[in-house]
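The block underneath contains the structure these notes are about, expressed in structure tokens.
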Amino acid sequence: PNLMDDPLHFSAYQNNRVNSMANLLNRMDYQTTFFHGANPGSMDFERLSRLVGFDRYVDRQQYPGENHYDGSWGIWDAPWLQFVLDETPQEGNPFFQLIFTLSSHHPYRVEAAFEQKFPDEEPWKRSFRYTDQALKDYFSRASQQPWFDNTLFVITADHIGPIRDPYYQTPAGRYRIPLLLYHPAVIPPHASDRVC
């Protein structure tokens, strides 16, 4: 959340050294990559990734081909997540990846075949369903990888979606987002309403 008027990387503090998971894990020989299927320059994430210590930044430019471009933000979630798996090391150093998906964001467009499966659904609901399916496909393939049992997956959002409740128009409400920690071998399934 913006605790100031501007995000950190647009603020007067943009050149400050900051700790992050990337630079802390780099010290332990992790390979760190920020995956963002958007157009180059989008949200200035490439610069932010360098500021917080990622070794590598991958955006739409590195994606093979143009046939999965959504016409707005970047690469659809389903093919992007499969591309990320193709780019994930199979052995060697441990790795940390930040994967920023795009499809469940305004204008809530999805691939044509998926839209045809749910033509009467509100666009935002259909896009959330699409991202859910993309994640399901990602985890189906990831679960077959040698690194899966040693990996903590953290799933969250950068902000809430469409606003229908006045509470979510408040500064606290805009960032009341879910946080999922998934590591089946270590964390038993449970829910918490604790703020973190």
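The values are calculated or read from the model by the stated rules, or taken from the named source; none is laboratory data. The structure displayed is predicted, hence computed values, not measured ones. Heads up, the Cβs are rebuilt from the backbone with ideal geometry, glycines too, and the neighbour counts pull from every protein chain shown. Ligands, DNA and RNA are excluded from the accessible area calculation, which covers all protein heavy atoms including side chains. Shrake-Rupley method; radii C 1.70, N 1.55, O 1.52, S 1.80 Å.
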Selection from segment 100-142 of residues in contact with a strand residue (DSSP E or B) (Cβ under 6 Å, 6 or more places away or on another chain) and surrounded by 20 or more Cβ atoms within 10 Å (Cβ to Cβ) yields 102
For the list (1) under 30 Å from residue 20 (Cβ atoms); (2) part of a loop (DSSP other than H, G, I, E, B), I need the number of the one condition that residue 120 fails. (1)
Hey, any hits in segment 97-105 for a residue that's more than 23 Å from residue 147 (Cβ to Cβ), touching a residue at least 40 places away in the same chain (Cβ under 8 Å) and not in a helix (DSSP H, G or I)? yes
Name the single residue that is most open to solvent (accessible area, probe 1.4 Å) among those in segment 41-51 being within 13 Å of residue 18 (Cα to Cα) and under 16 Å from the mean Cα position of the chain (by Cα). 48
State whether the residues of segment 74-88 include one that is in a strand (DSSP E or B), modelled with pLDDT of 95 or more, closer than 20 Å to residue 23 by Cα and not polar (S, T, N, Q). no
Scope segment 153-185; condition surrounded by 11 or more Cβ atoms within 10 Å (Cβ to Cβ), in a loop (DSSP other than H, G, I, E, B) and either touching an Asp or Glu at 6+ places or on another chain (Cβ under 6 Å) or at pLDDT 90 or above (or both); matching residues: 183
